[in-house]
1. Does GLU337 meet the test of being modelled with pLDDT of 90 or more, open to solvent by 100 Å² or more (accessible area, probe 1.4 Å) and out of contact with any Leu (no Cβ under 6 Å at 6 or more places or on another chain)?
2. Inspect all residues belonging to segment 129-143 and state whether any of them is under 35 Å from the mean Cα position of the chain (by Cα) and assigned to a loop (DSSP other than H, G, I, E, B).
3. Going by what's in this entry, would VAL289 be described as at pLDDT below 95 and open to solvent by less than 90 Å² (accessible area, probe 1.4 Å)?
4. Output the number of residues of segment 237-265 satisfying the condition of being open to solvent by less than 70 Å² (accessible area, probe 1.4 Å) and outside any loop (DSSP other than H, G, I, E, B).
5. Here is a list of conditions, (1) among the aliphatic types (A, V, I, L, M); (2) under 30 Å from PRO59 (Cα atoms); (3) not in a loop (DSSP other than H, G, I, E, B), and VAL195 meets all of them except one; can you say which number that is?
6. Taking segment 216-233, which residues are outside any strand (DSSP E or B) and buried (at least 20 other Cβ atoms within 10 Å of the Cβ)?
7. Inside segment 55-83, can you point out the residues that are of a type in the set (Gly, Ala, Ser), open to solvent by less than 40 Å² (accessible area, probe 1.4 Å) and either modelled with pLDDT of 85 or more or in a strand (DSSP E or B) (or both)?
8. For segment 79-135, enumerate the residues that are closer than 30 Å to ARG34 by Cβ and small (Gly, Ala, Ser).
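The values are calculated or read from the model by the stated rules, or taken from the named source; none is laboratory data. This is a predicted model, so every value here is computed, not measured. No Cβ is skipped: glycine too gets one built from the backbone with ideal geometry, and neighbour counts run over all protein chains shown. All accessible areas refer to the heavy atoms of the entire protein, side chains included, with ligands and DNA or RNA removed. Shrake-Rupley method; radii C 1.70, N 1.55, O 1.52, S 1.80 Å.
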Amino acid sequence: MSEKIEILASFLLLAMLLAIVPAAGAGGGIDLDRYAVPDLKVNESIETIAVSGVLTLQPEWDGSGITTIPFGSIIVHTADGKTLVFDKDGNHLLSISDDLSAKVPTPGGVEKPCTRLHQLPNHSRVYHRDNGTFVLDTAGDLILTVIDESPASVEDPITINITSPGEGADCWIDVVPPHIVVAGEIHAPLGVRSVNILSGTEEVRCGNGTEFACSVPVFPGENTITVVAWDNRRHRAEKTVNVTARIGIPPPPAIAVSGRVMDTDGNPVPGASVRFESVLTLDGEPLSVTAVTGENGGYLVEGAPGYRQTVAVEKEGYSSLRREVVFENLTNELDLELEPLPRTVPGFGPAVGVLSLMGALLILPGRKRW
């Protein structure tokens, strides 16, 4: 067991995705004809299995492991989704299901069936010709041959999602020179190679992750920002967003408030004036929004600037209401209560009542003197 571990430790895991490994030319000066593929003897009686790890090369194969294959092996990826493994003489060793086998994450952040990844010795050299891949050691000896007969996969395109800022956004900036943060996500099946953000005349490198967030310079006024992404096969995609950069402190948010105006007995008060005054002013006057209650006492105020508001409610026959409210949300609910004024007898107003009371007080002492 320890000997096997030592053998495995001498190998370097390479993300040898056959669709991604750059070709070393059609031989790169190496005569690939000398590495002829022998006749492959397929044994239909060999059971098709699933594996959970990458195929590992070792000098010889003793048949004890299902993911260890000997030097000189020939791997064939068939059109029906299987991986067949033969020894250097063409004898059938393994039949593996690509679909049922585990997927393994590669350094590029892509998950591929483990049958498509292999452990190779250090300093291996890889050459391509037609649908074949030949792996040689430093001495030029053939240590692995891969033949890919599977149909070319349809690759998902690179997609870019800019989460911030949104299209047409007003970006308020109080720093000089003005910058804004551009953030988003990249979907690239072959892994993200690089992300760049173009803003104005400058280009900012923004790493090679599936998520990005970088500060980019902008000009006051309208700006077009372009995010460009490349995958590991140098496919390119881009997406733009148009924003307006405004210099200064952003205005307060505009809030909406709805509710009902009721009297102390819980009855609706229609026709009441509901006024929301902001602490902000324009030309010395507070910014305000007014609404009138309906038959059910309901009102709706929209576009009130800022969270801190002074609410004033007036209705003939009721005491005026004035209170300061600090709201927490952009959309709020607030019910208000008005107190009815005391009723007076027709023709007998408050002034007459006071004079009558004073007269009574003057008359009573006089009667006592009698």
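1. Yes; evaluated as a whole, the condition is true for this residue.
2. No, segment 129-143 has no match at all.
3. Yes: the conditions hold for VAL289.
4. Final tally of qualifying residues: 16.
5. All conditions pass for VAL195, except number (2).
6. VAL218, ASN232
7. Scanning segment 55-83 gives GLY72, SER73, GLY81.
8. Answer for segment 79-135, where residues must be closer than 30 Å to ARG34 by Cβ and small (Gly, Ala, Ser): ALA79, GLY90, SER95, SER124, GLY132.
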